[in-house]
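*Asks:* I am attaching a structure below and will ask some questions about it afterwards.
The values are calculated or read from the model by the stated rules, or taken from the named source; none is laboratory data. In this text the structure is predicted, and so the values were computed from the model without any measurement. The accessibility values were calculated without ligands, DNA or RNA, using every heavy atom of the protein model including side chains. Shrake-Rupley method; radii C 1.70, N 1.55, O 1.52, S 1.80 Å.
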Amino acid sequence: MSNRKSVSLVLSSGGARGLAHVGVIEELEKRGYHIAEIAGCSAGALVGGMYAAGKLEEFKDWICHLDRVDVFSLMDFTFSSRGFIKGEKVYTALKKVVKDCQIEDFKIPFVCNAVDYKTGEEVVFREGSLYAAIRASGSIPTVFQPARHHRHELIDGGVLNPVPISLLKRPHEHQVVVVGLNGPDTELITPPKKDSEGHRFISMPGWLREYRNKMRQYFPEQEKVEKSSSLSSINLMTRSFDLLQDRFCSLLIEKYPVDVNIRIARNQAGTLEFHRAAELIEIGRQKAIIALNKWENGIHGTQ
């Protein structure tokens, strides 16, 4: 197989926007690319792990059938100051769809990361329980409680390495494709009304529109910053962290040789808007088409 059709895939952190990774993977497969290895962080660890385990279709079918109420019901809220969601309920539900498995048994090499918040060290998972790895990698600080793993208490790998290109083992043997989920507003695209097969996405019933107000008390980040000329101290801190992470992601991509850089806007969806799964998958597909067409046309133009 030509190296031009062999890919080292890097899937970044970004909460629910990570469902766009599914659309990217499907477009790569459609074009005949072989994914030779995957490095994922947070949401990228979840999607990448499911694909490496050969269970992406099962995962996609499950996540695409969750509405707002389902998503809300899977969030085991707590009053703990370490995070307002325990993070166990959703994985218990997912394990009924995809059983736990060992990373070292995957046919496609897979790696993801988390951070020991006490030592500040990056913890890398290349073996062991898939769910232990993705639970740790996706423990968003202040949202999900830290994951306990052996002697570590772990938080989201995106704190230190949101675009884990450095974890790839053989990037020089393949085309490096990076999917970033923290792009600027210039990367925003109009949410599609239909999927790749022409089926319309299910519209939200009126009573669920009213339910949105209740959801917003838990997910204030979904409100656009522009709606207020002044920010609360918490929102200002969150916004500042977002800007720092966005710049950090750009620097990581600039540091390493990347062949295809697929960028999803940070404002494309809120961190916990998993009920928009089908729409976000299609957004990932559309962004992949744009980036891959540009890259492939550039390759052919130099031959």
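*Asks:* Among rounded, prolate and oblate, which fits region 26-86 when a ≥ b ≥ c are the square roots of the eigenvalues of its C-alpha gyration tensor, a/c under 1.5 means rounded, and a/b larger than b/c means prolate? It would help to have the intermediate numbers written out before the result.
*Replies:* On the way: a/c = 3.77, a/b = 1.87, b/c = 2.01.
Because a/c hits 1.5 or more and a/b fails to exceed b/c, region 26-86 counts as oblate.
*Asks:* Where the centre of each part is set by its Cα atoms, how far does region 261-283 sit from region 63-96, in angstrom?
*Replies:* So the two Cα centres are separated by 18 Å.
*Asks:* Only bridges whose two residues both fall in region 28-139 count here: according to DSSP, what percent of them are antiparallel, nearest 5? Working shown, then result.
*Replies:* Numbers: 7 of 11 bridges.
The answer is about 65 percent antiparallel.
*Asks:* Shifting gears a bit: Arrange the residues His34, His172 by how much accessible surface each exposes, largest first, with a 1.4 angstrom probe.
*Replies:* His172, His34
*Asks:* Which length gain, in nm to one decimal place, applies between His65 and Phe79 when the Cα-Cα distance is subtracted from 0.36 nm times their residue separation? The partial results should precede the final answer.
*Replies:* Working: separation 14, 0.36 × 14 = 5.04 nm, distance 2.87 nm.
So the extension gain works out to 2.2 nm.
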